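Single-structure report; data block below.
The values are calculated or read from the model by the stated rules, or taken from the named source; none is laboratory data. All figures in this text were calculated on a predicted structure; none of them were measured in a lab. Here the Cβ positions follow ideal geometry from the backbone for every residue, glycine too, while neighbour counts run over all protein chains shown. The protein model used for the area step is the full one, side chains on, heavy atoms only, and it has no ligands, DNA or RNA in it. Shrake-Rupley method; radii C 1.70, N 1.55, O 1.52, S 1.80 Å.
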Amino acid sequence: MLLLDFSFTKVYENAPPRTKFQYIRSLKDKKVDYLFLGSSRVENAINPKLIEEKTGKSAANFAFQSSKLSDIYTVLQLVKAYNITTEKIFVQVDYNFNVEEGYSNVFQYELMPFVRENEVTKEYFDRNFKTDRVMYYFPFYRYLKFETKIGFREFVLNVSKVKTRIVTNQGFEPLLGNAVDQNYSLPSTTNSSNIYLEKINAFAKINNLTVFYFCAPFCQYSKNKVFIENLNHKIPNFYDFSNAIKENEKFLNCTHLNQDGANLFTEMIIKKMLLNTPQ
């Protein structure tokens, strides 16, 4: 078990990046001018290549599907732990403001090969897996637990250096199609605060990181958009793009832009946040 754990971990550490987490690790000790953190609403909506083309600055999309603000806080800590230097960090805040429990399942299994790598990954494990601590200490158990995601098949693909588009797209995952769900509704009430947003602010201040917040577009069928208006009064440096795109054909569904919508939204980000943001 020790030998298997060592072998799998070494392969994941040294293989060309196939996952978002491996991609983040590959940027250790490098500079990326603009970083975008969030959930799939960012992963599928911000095109770093377009940003580089329009601004001449480097960019990367560090968003993970289903991320909560607790996951985003961990990613922010990893930026510091891996010594990734940056000018500005842009963090998605929307209905995730009302969520303090839980975590992204995608971020969870992508992190697991590296869970013993540093204090940030250990803190993440301690926070989210209090009832399954054997997974941290027992050799190879985490690979068995998540066998369908980081087990033998993925191990072989890493050994074989089979590439994904994660590096080519710099973390951006475009969506194709148009199937707008007309029944989406934001929360009817807005929590008074979020502990992880407070942690993000405190961590940024201590480490001299420049962080801005934004809300990606929702389709025009979305209800209770006053929820986002309330965030304007709670969050400094907040950019509200919730109503920025009116055309329903730019959405895959009410919460996710398709590729055309993502490029349009990225252009808006460039004009309103990157080129107009105070230095």
*Return the pairs, sorted by first residue and then second, in which the second residue is open to solvent by 50 Å² or more (accessible area, probe 1.4 Å) and polar (S, T, N, Q), the first residue lies in region 186-201 and is touching a residue at least 12 places away in the same chain (Cβ under 8 Å), the beta carbons are less than 8 Å apart, and the residues are 6+ apart or on different chains.*
186/224; 187/224; 188/224; 190/230
*Could you say which residue among 24, 46 is buried (at least 22 other Cβ atoms within 10 Å of the Cβ) and either free of Cβ contacts under 8 Å to residues at least 60 places away in the same chain or over 17 Å from residue 81 (Cβ atoms) (or both)?*
46
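Tally time: how many residues in region 144-202 are acidic (Asp, Glu) and in contact with an Asp or Glu (Cβ under 7 Å, 6 or more places away or on another chain)?
The total comes to 1.
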*Considering region 1-48 alone, what residues qualify as being in a loop (DSSP other than H, G, I, E, B) and charged (D, E, K, R)?*
18, 28, 29, 30, 33
*Limited to region 177-201, what total is found for residues that are open to solvent by 40 Å² or more (accessible area, probe 1.4 Å) and either touching a Pro at 6+ places or on another chain (Cβ under 8 Å) or under 24 Å from residue 27 (Cβ atoms) (or both)?*
2
_Which count do you get for residues in region 256-279 that are open to solvent by 20 Å² or more (accessible area, probe 1.4 Å) and either without any contact (Cβ under 8 Å) to a residue 24 or more places away in the chain or of a type in the set (S, T, N, Q) (or both)?_
8
*Would you say residue 118 is surrounded by 16 or more Cβ atoms within 10 Å (Cβ to Cβ) and not small (Gly, Ala, Ser)?*
no
*Output the residues belonging to region 61-112 that are in a strand (DSSP E or B), in contact with an Asp or Glu (Cβ under 9 Å, 6 or more places away or on another chain) and closer than 28 Å to residue 243 by Cα.*
61, 88
*asked:* Which condition from (1) open to solvent by less than 10 Å² (accessible area, probe 1.4 Å); (2) within 22 Å of residue 200 (Cα to Cα); (3) hydrophobic (A, V, I, L, M, F, W, C) is the one that residue 106 breaks?
replied: (1)
*Select from region 216-249 the residues that are at pLDDT below 95, open to solvent by less than 60 Å² (accessible area, probe 1.4 Å) and farther than 19 Å from residue 98 by Cβ and list them in ascending order.*
219, 248
_Suppose we keep only residues that are open to solvent by 90 Å² or more (accessible area, probe 1.4 Å) and on the phi < 0 side of the Ramachandran plot within region 148-176. Which one would you say is modelled with the lowest pLDDT?_
163
_I need every pair where a residue in region 119-131 that is among the charged types (D, E, K, R) has its Cβ under 8 Å from the Cβ of a residue that is assigned to a helix (DSSP H, G or I), sequence separation at least 6 or different chains._
119/81; 122/136; 123/74; 123/77; 127/70
